[in-house]
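The values are calculated or read from the model by the stated rules, or taken from the named source; none is laboratory data. Since the model is a prediction, treat every value here as computed from it, not as a measurement. Neighbour counts are summed over all protein chains in view; Cβ atoms, including those assigned to glycine, are modelled from backbone coordinates with ideal geometry. Areas reflect the complete protein model, heavy atoms only, side chains present, ligands, DNA and RNA absent. Shrake-Rupley method; radii C 1.70, N 1.55, O 1.52, S 1.80 Å.
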Amino acid sequence: MTARNITTVSGFLLMGFSDNHELQVLQALLFLVTYLLGSAGNFIIITITTLDPQLQSPMYYFLRHLSILDLSSLSVTVPQYVDSSLARSGYISYGECMMQVFFFTALASSEMAILTVMSYDRYVAICLPLHYEVIMNPRKCTWAVAAVWLSGSISGTLYTASIHSIRFCGDKIIHQFFCDVPQLLKISCSNDYFGVLEVSTFVAVLAFACFLGIAFSYGQIFSTVLRIPSAEGRSKVFSTCLPHLFVVSFFLSTGICAYLKPTSDSPTALDLILSIFYTVLPPTLNPVIYSLRNASLKGAIKKVLLSEKFIGKNYFLFCCS
């Protein structure tokens, strides 16, 4: 990809991973395959948790919304990169870039919030089982999900408004495959990016509060699990908690590493790999992680994939409901 002067154009140049066209095509194909696999996995999770009457508990209700967030997150960054790589043009308009900033930050914030809600759901189910139906009733679950989407929308709006107030100058080249906030701050030509830093601090505080909530929930869960005398009972609890804990750890660790690492004028391969780890891999792997140790989910997936009668019957009931 040849860098061209776009200072007079209302847009940016995404440099991506390589200037070699053959490598760009190969990377685009790899991203496309990853996108299709991730989209298929999340779509299957959304479908079975919607249609299967045995998967209507709050845990699967929240999992469905996590999959919706993951599917949306993949769609924000990957298709645009694949298209620009195959077209040998890394150009992205200012409006498209702002849309990426809004949706990426909104979806990332919403994902952090839904992971917190899911950890609380597991805490109530394991530590307060007799009160579970009262605490996690349908109305409260609906309000919790509404709060998740609202919090993400607020974060996305704040980030987009603060980025919009920044002036950019010079060669507006972003060393990334999408419009990432740290890279945009790097090419600002004024000191008016302090508004973005204030928003980042506010979002970081909220993320830390979510982290404390998750840590508290799992501290209580493990304390309760260790007191269960039955090995089978402990195994059953771990089968539902460990996938979620792995997803949380992977999402937080890669995001923290990517955003705390200082941006450089010549990004290394590690910088770009980290960006893949916190943007593409989590939403792609989440369906696999949640399905591996969940017998109910695996059974439902097999039923959907192997039984046309099941699909037809439930699709009819879903459309008529």
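Close contacts from region 218-230, counting a first residue that is closer than 18 Å to Val248 by Cβ and a second that is open to solvent by 50 Å² or more (accessible area, probe 1.4 Å) and hydrophobic (A, V, I, L, M, F, W, C), with Cβ to Cβ under 8 Å and a gap of 6+ residues or different chains, come to Val225/Phe238. For region 240-255, state whether one or more residues are open to solvent by less than 30 Å² (accessible area, probe 1.4 Å), under 19 Å from the mean Cα position of the chain (by Cα) and of a type in the set (Ser, Thr, Tyr). Yes, region 240-255 contains at least one residue that is open to solvent by less than 30 Å² (accessible area, probe 1.4 Å), under 19 Å from the mean Cα position of the chain (by Cα) and of a type in the set (Ser, Thr, Tyr). When you check Ala207 against the structure, is it at pLDDT 75 or above, of a type in the set (A, V, I, L, M) and either open to solvent by 40 Å² or more (accessible area, probe 1.4 Å) or over 30 Å from Cys179 (Cβ atoms) (or both), yes or no? Judged against the criteria, Ala207 is not a match. Exactly one residue out of Leu184, Leu150 is of a type outside the set (Gly, Ala, Ser) and within 16 Å of Tyr94 (Cα to Cα), and it is Leu184. The residues listed here are Ile68, Ile48; of these, the one that is open to solvent by 10 Å² or more (accessible area, probe 1.4 Å) and aliphatic (A, V, I, L, M) is Ile68. Can you tell me which residue is nearest to the chain's Cα centre (by Cα) among those in region 190-203 that are surrounded by 15 or more Cβ atoms within 10 Å (Cβ to Cβ) and at pLDDT below 85? Only one residue fits best here, namely Ser200. Scanning region 32-82 for residues that are closer than 27 Å to Ala147 by Cβ and aromatic (Phe, Trp, Tyr) yields Phe43, Tyr60, Tyr61, Phe62.
Here Val148 does not fit the description of being crowded, with 22+ Cβ neighbours inside 10 Å and within 19 Å of Thr254 (Cβ to Cβ). Of the helices (runs of 4 or more DSSP H) lying entirely inside region 88-189, those containing at least 3 residues that are under 23 Å from Ser275 (Cα atoms) and at pLDDT 90 or above span 94-127, 138-164.
Would it be correct to say that Met1 is closer than 12 Å to Leu86 by Cα, open to solvent by 20 Å² or more (accessible area, probe 1.4 Å) and modelled with pLDDT under 90? Yes: the conditions hold for Met1. Checked against the criterion of being touching a residue at least 40 places away in the same chain (Cβ under 8 Å) and not in a helix (DSSP H, G or I), region 30-51 has no qualifying residue.
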